[in-house]
Amino acid sequence: MKKAILLALGAILLPTVGFAVDGVVLINQSTVMAAGGFPYTISQPGSYKLSGNLVVPNLNTTAIRIATDFVTIDMAGFSIIGPNDCSGGTCQSGSGDGIDTLANHVYFNLTIRNGTIQGMGRSGLYLWGDSMIVEYVHARSNGFDGIFIGRFDLSGVEATLTTVQYCDAELNQNGITAEGGHISHSNGSRNRLAGIRFGPGLLDYNVASHNGVWGVFFLDTVDAASYLGNVFKDNGSDNIALGSGAAVNMGQNLCGNTKCPGALY
């Protein structure tokens, strides 16, 4: 009888605590509300996983805020959803992000994967730091960037370990921005300004098309970015635009219906 009571109590308490059997912290609308509402703040290193969609009430609400290093968030195919709808060519703006980092801090060793972030007032992802991986994320119809990763810059040291791969970004102001590192096998299309904003580092095997102004905008950087095997076409102003830095064409890049000029190989 005592064993049965303990098992019953365990079954009741486990969803409230929000841990899966493997120690992963589960996040869903109920656990967020039980923790005090949005933003759900991650202040302990570890592995976190969505177990349901998160729906924020307005453009100024952030869904998840990271306030520590060494965090992995697996969205597990679920979505973070806000009220923004940019499909008509115009978009509202606000201060809410799908997932962001605590303001005025930089963080290291963050991984976010496997889900959709749509309709936020500011960005789908808004992260500052280095040594980050973002993969298999769909970012759509957000007021600012679909995916934004700002560099950690101290005494001239720029971000080099950030990786964005297998992501899609559309109907944002800018699709994907990464201030250093590596963007690969991703698609930034139908955004209001740029499909991809990047530099320095390597940009390879991406698509940027049908954006309002630029396909790819290479950011102002001390070190040149390199690009290889990309497709830039049908963008409003320029398929490729440079800031005050430089970009090195490593070859196999298509601008419109022809090879991009200036290939080294």
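For the chain, what is the relative contact order in percent, using Cα pairs closer than 8 Å and at least 6 residues apart in sequence?
9
Note down the nm distance, to one decimal, between modelled labels 7 Å out along Cα→Cβ at H185 and at A263.
Taking the two extended label points, one gets 2.2 nm.
From Cα pairs below 8 angstrom and at least 6 apart in sequence, can you work out the relative contact order of the range 185-265, rounded to a whole percent?
Relative contact order for the range 185-265 comes out at 26 percent.
Around G96, under 12 Å between beta carbons, what's the net of Lys plus Arg minus Asp minus Glu among the other residues?
Charge balance in the 12 Å sphere: 0.
When the chain is fully extended, how far beyond the present Cα-Cα distance does V55 get from L161, taking 0.36 nm per residue of separation?
My answer for the length gained is 35.0 nm.
Could you grab the relative contact order for the range 83-168? Cα pairs under 8 Å, six or more apart, rounded to a whole percent.
This gives 30 percent for the range 83-168.
What is the extension gain from T111 to S237, computed as 0.36 nm multiplied by their sequence separation minus the C-alpha to C-alpha distance, in nm to one decimal?
Values: separation 126, 0.36 × 126 = 45.36 nm, distance 3.37 nm.
Contour length minus the Cα-Cα distance gives 42.0 nm.
Once phi is turned into ³J(HN,Hα) by the Karplus curve 6.51 cos²θ - 1.76 cosθ + 1.60 with θ = phi - 60°, what whole-Hz value does each residue of the range 71-86 show in order, with x for glycine and proline?
10, 10, 10, 9, 6, 6, x, 8, 10, 10, 10, x, x, 5, 9, 9
Quick one: angle between helix 2-17 and the longest Cα principal axis of the chain, in degrees between 0 and 90, rounded to 10, please.
30
Looking at the chain, which Cys residues are left with no other cysteine's beta carbon under 4.7 Å from theirs?
C167
Provide the solvent-accessible area of Y40, counting protein heavy atoms only and rolling a 1.4 Å probe, rounded to the nearest 10 Å².
30
Mind checking the per residue accessible area of the chain for me, 1.4 Å probe, whole number of Å²?
Working: 11890 Å² over 265 residues.
With the other protein chains kept in place, the chain gives 45 Å² per residue.
Report, by chain and number, residues whose modeled amide H sits under 5 Å from the one on H138, excluding near sequence neighbours (fewer than 5 apart, same chain).
Result for H138 returns G115, T116, I117, D168.
Using just the helices of the chain, give the 222 nm mean residue ellipticity in deg cm²/dmol: DSSP H runs with n ≥ 4 each add -39,500 (n - 2.57), and the total is spread over all residues, rounded to 500.
Values: 2 runs with 22 residues, N = 265.
So the calculated ellipticity at 222 nm is -2500 deg cm²/dmol.
Most fluctuating residue of T221, T90, T116 in a GNM of the chain with Cα springs under 10 Å: which is it?
Comparing T221, T90, T116 in the GNM, the peak value goes to T90.
Roughly how many Å² of I81 are accessible to a 1.4 Å probe, to the nearest 10?
Counting only protein heavy atoms, the figure is 60 Å².
Please report the net charge: other residues with Cβ closer than 13 Å to the Cβ of Y136, K and R +1, D and E -1.
-2
Among L54, G256, N191, whose Cα projects farthest towards the positive end of the dipole of the chain, with charges put on the beta-carbon of Lys, Arg (+1) and Asp, Glu (-1)?
L54
Under a point-charge model restricted to the Cβ atoms of Lys and Arg (+1) and Asp and Glu (-1), what is the dipole moment magnitude of the chain relative to its Cα centre, in debye to the nearest 20?
Charge dipole of the chain: 700 debye, to the nearest 20.
Tell me the net charge near N257. Cut-off is 11 Å between Cβ atoms, N257 excluded, with +1 for each Lys or Arg and -1 for each Asp or Glu.
Numbers: positive: K233, K259; negative: D234.
Residues near N257 contribute +1 overall.
The values are calculated or read from the model by the stated rules, or taken from the named source; none is laboratory data. This structure is a prediction, so every number in the text was calculated from the model and none was measured. Methodologically, a virtual Cβ is constructed for each residue, glycine included, from the backbone with ideal geometry; neighbour enumeration extends over all protein chains shown. Quick note on the areas: whole protein, heavy atoms, side chains included, nothing else; ligands and nucleic acids left out. Shrake-Rupley method; radii C 1.70, N 1.55, O 1.52, S 1.80 Å.
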